[in-house]
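K.L.:
Have a look at the structure that comes next, please.
A short reminder: the numbers here are calculations on the coordinates, not readings from a lab. None of the values given here were measured: they were computed from a predicted structure. Here the Cβ is made from the backbone with ideal geometry for all residues, glycine too, and neighbour counts use every protein chain on show.
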Amino acid sequence: MHDDYWDGGGGLYVGGAGTNVRLDITRFEANSVMVYPDSRRKALTCGGGAASVVRGASVQFTYVLFTGEAR
């Protein structure tokens, strides 16, 4: 099993140096990510109910609504 801990983002996941994303007038509603029972993995997991931005990526949010998100 490959496991590099690039997890998370129920609605959006962006990862990698030089990756750029722009979101305008967007709505994220009731997104969630899996909760891992393994305490080591849970501690290292990159999570976000709606969005996860990792490893040098960037996201520009303009007029974005997040409602009912869960980690």
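K.L.:
Give me the net charge for the shell around residue 66: Cβ to Cβ below 11 angstrom, other residues only, Lys and Arg +1, Asp and Glu -1.
P.N.:
-1
K.L.:
I would also like to ask the following. If I model a spin label at residue 27 and residue 66 as a point 7 Å from the Cα along the Cα→Cβ vector, what separation in nanometres do I get?
P.N.:
1.8
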